[in-house]
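This report concerns only the one structure given below.
The values are calculated or read from the model by the stated rules, or taken from the named source; none is laboratory data. Just so it is clear, the model here is predicted, and its values are computed rather than measured. Every residue, glycine as well, gets a Cβ built from its backbone with ideal geometry; the counts of neighbours run over all protein chains shown.
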Amino acid sequence: MELLLTNKYSIMNSIPLVFWLIPIASVVALGMAWFFFRTMMKEDEGTDRMKEIAEHVRKGAMAYLKQQYKVVTAVFVVLAIVFAFMAYVLKVQNPWVPFAFLTGGLFSGLAGFFGMKTATYASARTAHGARTGLDKGLKIAFRSGAVMGLVVVGLGLLDIAIWFIVLNAVYEGGHSPCHHYHHHADLWHGCLHQALFARVGGGIYTKAADVGADLVGKVEANIPEDDPRNPATIADNVGDNVGDVAGMGADLYESYCGSILSTAALGATAFAMNGDMQLRAVIAPMVIAAIGIFLSLIGIFLVRTKEGASMKELLHSLGLGTNVSAALIAVATFAILYLLGIENCRPFFLGHQRSCGWSHHRTGNRILHLSEL
């Protein structure tokens, strides 16, 4: 592992070889998302009536998302101009801020878009698959949902990795790239703004459409709630896709990137006086996330059931995939931190008198001291 951490074998002087596992994992995640999407698209969508209803939902969801992204694009352009003015005219912030902000918003929007596009194509195919076999319906539904998760983690890690490489190349001659880790937070701000529009705006708009159509359909026209002639049925499904899929995708992207970047920020602060250990602490959460992609794929393929399964057996199938992946990543996390040589974890494995608790206490004091400077 020390070989993977040494600068001698790195393509760039201050990037260890183990770092390149991060962009590789992101590409694998995006590749598997594409594979699951293409596999789902090959399935039969069902009867003509099922295809017609699914098409209405798809058109409604895309119409809303198109309008929302127009507004969000205008807001992002205005904010980017403001950030550029502050960076290049007032000289009060880093010149990379506008670009990181835009990439964060762009990738967050793409995660929501791809997830919603998959969901609108998978709904009728899942229903038809469940009519022919329980296991088939479960696989179509779960692996179509996995597209959203894989796109979120794939784009998130790719965005973070690209900016780490860019900042390392720009500041290679003067400072450690860890000195500029806080510029990664600018892409998180872009994710946050996109998630705000997608989650809150999408939820409010679609719920208003749902309630309005529901009142007209059931109260005035006396059409049953689940009747496809009732516009509320279409509006409800549009709302689920826009708010709970596209909105959730952008929200998850923001949370995923935020958790990695905040952990990297804590690592950079905790080991501010030790450049080599600081670099390891910054890339540790990224490496853990990268390994998590491969272990999550194992869990995805474990989710399957038998025909005639009960609800308990279906929940067990879902729990098996989730719990196996969770257990594997928990073990892998300790192994990664140990192999990276993080100071506050080696004593735990080696049984030294200086425990992890004492190291965490010392780290906390460092953070408190640095925050007061």
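Summary of computed values
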{"read-out": "Of all residues in the stretch 279-292 being surrounded by fewer than 22 Cβ atoms within 10 Å (Cβ to Cβ) and either more than 23 Å from Val152 (Cα to Cα) or touching a residue at least 60 places away in the same chain (Cβ under 8 Å) (or both), the one that is nearest to the chain's Cα centre (by Cα)", "value": "Gly292"}
{"read-out": "Leu297 vs. criteria touching a helix residue (DSSP H, G or I) at 6+ places or on another chain (Cβ under 7 Å) and under 25 Å from Gly105 (Cβ atoms)", "value": "no"}
{"read-out": "Matching entry among Asp276, Asp251 (being more than 21 Å from Ile140 (Cβ to Cβ) and surrounded by 17 or more Cβ atoms within 10 Å (Cβ to Cβ))", "value": "Asp251"}
{"read-out": "Within the stretch 203-229, considering residues that are modelled with pLDDT under 75 and within 15 Å of Asn241 (Cα to Cα), the one surrounded by the most Cβ atoms within 10 Å (Cβ to Cβ)", "value": "Thr206"}
{"read-out": "Test: residue in the stretch 97-118 that is within 20 Å of Gly60 (Cα to Cα), more than 22 Å from the chain's Cα centre (by Cα) and not hydroxyl-bearing (Ser, Thr, Tyr)", "value": "no"}
{"read-out": "Count - residues of the stretch 230-244 that are surrounded by 22 or more Cβ atoms within 10 Å (Cβ to Cβ) and under 19 Å from the mean Cα position of the chain (by Cα)", "value": "3"}
{"read-out": "Options Leu106, Leu90, Leu79; residue that is within 25 Å of Ala29 (Cβ to Cβ) and either buried (at least 20 other Cβ atoms within 10 Å of the Cβ) or of a type outside the set (Gly, Ala, Ser) (or both)", "value": "Leu106"}
{"read-out": "Matching residues in the stretch 140-174 - criterion: being modelled with pLDDT under 90 and part of a helix (DSSP H, G or I)", "value": "Trp163, Phe164, Ile165, Val166, Leu167, Asn168, Ala169, Val170"}
{"read-out": "Cβ-Cβ under 8 Å pairs, at least 6 apart or on other chains, the stretch 215-227 side over 16 Å from Ile53 (Cα atoms), far side hydrophobic (A, V, I, L, M, F, W, C) and part of a loop (DSSP other than H, G, I, E, B)", "value": "Gly217/Ile223"}
